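**Student:** Can you keep this structure in mind? I'll have questions shortly.
The values are calculated or read from the model by the stated rules, or taken from the named source; none is laboratory data. Remember, it's a predicted structure, so these values are computed and weren't measured experimentally. Positions of Cβ are backbone-derived with ideal geometry, glycine not excepted, and every protein chain shown enters the neighbour counts. Accessible surface is based on the protein model in full, side chains and every heavy atom, while ligands, DNA and RNA are left aside. Shrake-Rupley method; radii C 1.70, N 1.55, O 1.52, S 1.80 Å.
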Amino acid sequence: MTIQTPTLVPAFDVAKVREDFPILHTQINGKPLVYLDNAATTQKPRAVIDSQVRYYETLNANIHRGVHTLSQRATDEFEGGREAVRQFLNAGSTREVIFTRGTTEAINLVAQTYARSMLKAGDEVLIGEAEHHANIVPWQMLRDSHGTVLKVVPVNDAGELDMAAFEQLLSPRTKLVAIGHVSNALGSINPVASIVALAHAAGAKVLIDGAQSVAHGHVDVTALDCDFYAFSGHKLFGPTGIGVLYGKAELLEAMPPWQGGGDMIRTVSFERSEWNDLPWKFEAGTPDIAGGIGLKAALDYLATLDFDGAIRHEQALLAYATERALKVPGLRLIGTAREKAAVLSFVINGLHPQDLGVLLDSQGVAIRTGHHCAMPVLGRYGLSGTARASFAFYNTHEEIDHFFAALAKACEILA
Ligand code: 7TS
C-alpha cells in the first residue's frame with residue numbers, strides 16, 4: 001500500500017463523490033448522517049447498488065453449469081469480477097484469485113488447507129499483537145489441533161510493530177507469518193514489504209490480512225511478493241458476502257481443497273474424486289454470484305475516481321481529526337504510529353466508550369465502540385474498549401467538525 005505525500009495537485013472533489021453514495025444523504029435520529037464507521041463496513045456507491053438489481057432483474061442464473069444463455073452471461077460477469085480483482089491487486093493470473101465470503105473465510109482457508117497440509121507439530125506461525133481476531137483464532141485452532149506453535153510480535157506504545165522483535169522471533173522453525181496490513185483497532189500501517197522480504201529470507205511464507213488496507217492505498221501483490229493476501233468486498237465499497245484470497249499459483253496448486261461439493265471437482269466416483277483447476281478447486285457450491293458482480297462494480301467505480309486524490313484527502317482528514325482530538329480534554333489516542341490509515345481510536349478519562357457511542361448516535365454520528373475484535377491489543381493498553389472513528393474518502397472536514405461538536409456535547413452530558 002503506497003500513500004503518496006501531497007504535491008501541488010487539484011483538490012479531490014468530495015462533494016461530487018458524495019453524490020454517488022445515496023445513504024450519505026439520509027437522516028439518522030433527525031440529524032444528517034455522519035458515517036464514521038468505515039472500518040466496519042464502507043457505504044456503497046449507486047453503481048454497486050444498481051449492479052445488484054440489474055443482476056437479479058436481468059441475469060440471474062447459476063454459473064459454470066448451464067448451456068443456456070442466461071447462465072453463460074452470469075458466468076461471464078462473475079468471472080469478469082475475478083479479472084477485475086486480478087487487475088486491482090496486480091496478480092499474475094485469475095487462477096490466483098479465489099472468491100470467499102470475506103477476509104475471515106480467506107484466512108481460515110489458508111489455515112485449514114495450506115497450514116494443515118504443510119506445517120507439522122513444532123512449526124511456528126508468527127502473528128502481530130494488533131491482529132483482528134480473524135487473524136488470531138484460526139492459528140490458535142491450528143495450534144490446538146496440530147501442535148504448531150503460535151508466536152506473537154509485540155507492538156510498541158505507538159502501536160507500531162516491533163521489527164527488531166520480529167527479526168528475533170523469525171527462525172528456521174517459522175513457517176508462516178500472518179500479519180495485518182493495517183490494524184483495524186489502531187490504524188497502524190505495517191511495513192509489509194520488509195516483513196515479506198525478511199520472512200522469505202528465513203524460509204517462511206507470508207499471509208497478509210488486507211481487510212483494512214485495500215480501501216486506503218494501492219496494493220500490488222506482485223511487487224509485494226506476498227504468498228497470500230486476503231480482503232473483504234464490503235470494506236471496499238462492494239457488497240457483503242464476497243471477499244478474496246489471493247495466493248501464489250504454485251502454493252494453491254499444492255494445497256488440498258477444503259470444502260467438497262459441486263464446482264470444485266472435475267470427476268467424482270464413489271471411489272475417488274479429481275479436483276477442478278484453480279481457482280474453482282477452492283470454490284465448492286454456488287458462490288455469491290451477485291457479490292462477485294457487485295465487487296466488480298465497486299472496482300470499476302474506483303477506477304473512475306482520482307484514487308490518489310482520494311487517499312490524500314483521507315490522510316488530510318486523519319491529520320485534521322488527530323489535531324482536533326489532541327485538544328479534547330482528557331482524550332487519549334490509542335494508536336499513534338507514524339504510518340497510519342484512516343482510524344482514530346480513543347478513550348476519554350473515565351467515560352465508557354459505549355456511552356459516547358450512544359450519545360453520538362443520537363446526534364447522527366456513527367462510530368464504533370468496543371474491542372473491535374482485537375481484544376489482545378486493547379489489553380496491551382489496559383483497555384477493554386475504545387471509541388473509534390474511521391474515515392473513507394467520502395467523509396468531509398465539516399463532518400469531522402460535526403463529530404467533535406457532538407463529542408463535546410456527549411462529554412458534557414456524561415461529566
Ligand atoms: N481483519 C481485519 C484487519 C479486520 O479489520 C476485519 C474486520 C477482519 C479481518 C474480518 O473481516 P470480515 O469481512 O471477514 O468480517 N474488521 C471490523 C472492524 O474493524 N469493525 O467491524 C469489522
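**Student:** Output yes when any residue across the stretch 78-94 is without any contact (Cβ under 8 Å) to a residue 40 or more places away in the chain and within 13 Å of the ligand (Cβ to nearest atom), and no when none is.
**Tutor:** No, the conditions are met nowhere in the stretch 78-94.
**Student:** Hey, any hits in the stretch 226-247 for a residue that's farther than 30 Å from N62 by Cβ and over 17 Å from the mean Cα position of the chain (by Cα)?
**Tutor:** no
**Student:** Out of (1) of a type outside the set (K, R); (2) touching a Gly at 6+ places or on another chain (Cβ under 9 Å); (3) more than 24 Å from Y55 (Cβ to Cβ), the odd one out for M118 is which?
**Tutor:** In the conditions (1) of a type outside the set (K, R); (2) touching a Gly at 6+ places or on another chain (Cβ under 9 Å); (3) more than 24 Å from Y55 (Cβ to Cβ), M118 misses (2) alone.
**Student:** With the requirement that a residue be away from the ligand (no atom under 15 Å from the Cβ), of a type in the set (V, I, T) and open to solvent by 10 Å² or more (accessible area, probe 1.4 Å), what does the stretch 97-151 give you?
**Tutor:** Residue satisfying the conditions is V149 alone.
**Student:** Criterion first (under 23 Å from N156 (Cβ atoms), in contact (Cβ under 8 Å) with a residue 60 or more places away in the chain and within 11 Å of the ligand (Cβ to nearest atom)) does V182 satisfy it? I'd like the intermediate steps shown before the answer.
**Tutor:** Working: under 23 Å from N156 (Cβ atoms): yes; in contact (Cβ under 8 Å) with a residue 60 or more places away in the chain: yes; within 11 Å of the ligand (Cβ to nearest atom): yes.
Taking the combined requirement at face value, the residue satisfies it.
**Student:** Residues that are open to solvent by 20 Å² or more (accessible area, probe 1.4 Å) and within 22 Å of Y246 (Cα to Cα): does the stretch 47-67 have at least one?
**Tutor:** Checked against the condition, which is being open to solvent by 20 Å² or more (accessible area, probe 1.4 Å) and within 22 Å of Y246 (Cα to Cα), the stretch 47-67 yields at least one hit.
**Student:** Tell me yes or no: at least one residue of the stretch 201-208 is within 12 Å of the ligand (Cβ to nearest atom) and assigned to a strand (DSSP E or B).
**Tutor:** Within the stretch 201-208 (the criterion being within 12 Å of the ligand (Cβ to nearest atom) and assigned to a strand (DSSP E or B)), the answer is yes, since at least one residue qualifies.
**Student:** Exactly one of (1) open to solvent by 10 Å² or more (accessible area, probe 1.4 Å); (2) assigned to a helix (DSSP H, G or I); (3) in the same structural domain as F231 (by TED's automatic domain parsing) is unmet by G291. Its number?
**Tutor:** (1)
**Student:** Ok, one more. Among the candidates G247, G261, which residue alone is modelled with pLDDT of 95 or more, at positive phi and either out of contact with any strand residue (DSSP E or B) (no Cβ under 9 Å at 6 or more places or on another chain) or not acidic (D, E) (or both)?
**Tutor:** Just a single option satisfies the conditions, and that option is G261.
**Student:** For A337, only one of the following conditions fails: (1) open to solvent by less than 30 Å² (accessible area, probe 1.4 Å); (2) within 18 Å of the chain's Cα centre (by Cα); (3) within 16 Å of the ligand (Cβ to nearest atom); (4) under 24 Å from P191 (Cβ atoms). What is its number?
**Tutor:** Among (1) open to solvent by less than 30 Å² (accessible area, probe 1.4 Å); (2) within 18 Å of the chain's Cα centre (by Cα); (3) within 16 Å of the ligand (Cβ to nearest atom); (4) under 24 Å from P191 (Cβ atoms), A337 violates only (2).
**Student:** Just one of (1) in contact with a Phe, Trp or Tyr (Cβ under 8 Å, 6 or more places away or on another chain); (2) of a type outside the set (F, W, Y); (3) more than 23 Å from L305 (Cα to Cα) trips up S194, so point out which.
**Tutor:** For S194, the failing item is (1).
**Student:** I want to confirm something. Restricting to the stretch 362-379 and keeping residues that are open to solvent by 10 Å² or more (accessible area, probe 1.4 Å), away from the ligand (no atom under 16 Å from the Cβ) and of a type outside the set (S, T, Y), which single residue is nearest to H133 (Cα to Cα)?
**Tutor:** Applying the filter and picking the extreme gives G379.
**Student:** Suppose we keep only residues that are of a type in the set (A, V, I, L, M) and surrounded by fewer than 16 Cβ atoms within 10 Å (Cβ to Cβ) within the stretch 152-164. Which one would you say is nearest to I136 (Cα to Cα)?
**Tutor:** The extreme case among them is M163.
**Student:** Do you know which residues across the stretch 33-72 are in a helix (DSSP H, G or I) and of a type in the set (S, T, Y)?
**Tutor:** Correct list: S51, Y55, Y56, T58, T69, S71.
**Student:** I would also like to ask the following. If I ask for residues that are over 27 Å from G382 (Cα atoms) and either basic (K, R) or within 16 Å of the ligand (Cβ to nearest atom) (or both), which ones from the stretch 154-179 would you list?
**Tutor:** R173, K175
**Student:** Test of understanding: among L344, L318, which residue is in a helix (DSSP H, G or I) and buried (at least 19 other Cβ atoms within 10 Å of the Cβ)?
**Tutor:** Sole residue among the options that is in a helix (DSSP H, G or I) and buried (at least 19 other Cβ atoms within 10 Å of the Cβ): L318.
**Student:** Which fully enclosed strands (runs of 3 or more DSSP E) of the stretch 73-184 have 3 or more residues being under 20 Å from the mean Cα position of the chain (by Cα) and of a type outside the set (F, W, Y)?
**Tutor:** Correct list: 97-100, 124-128, 174-180.
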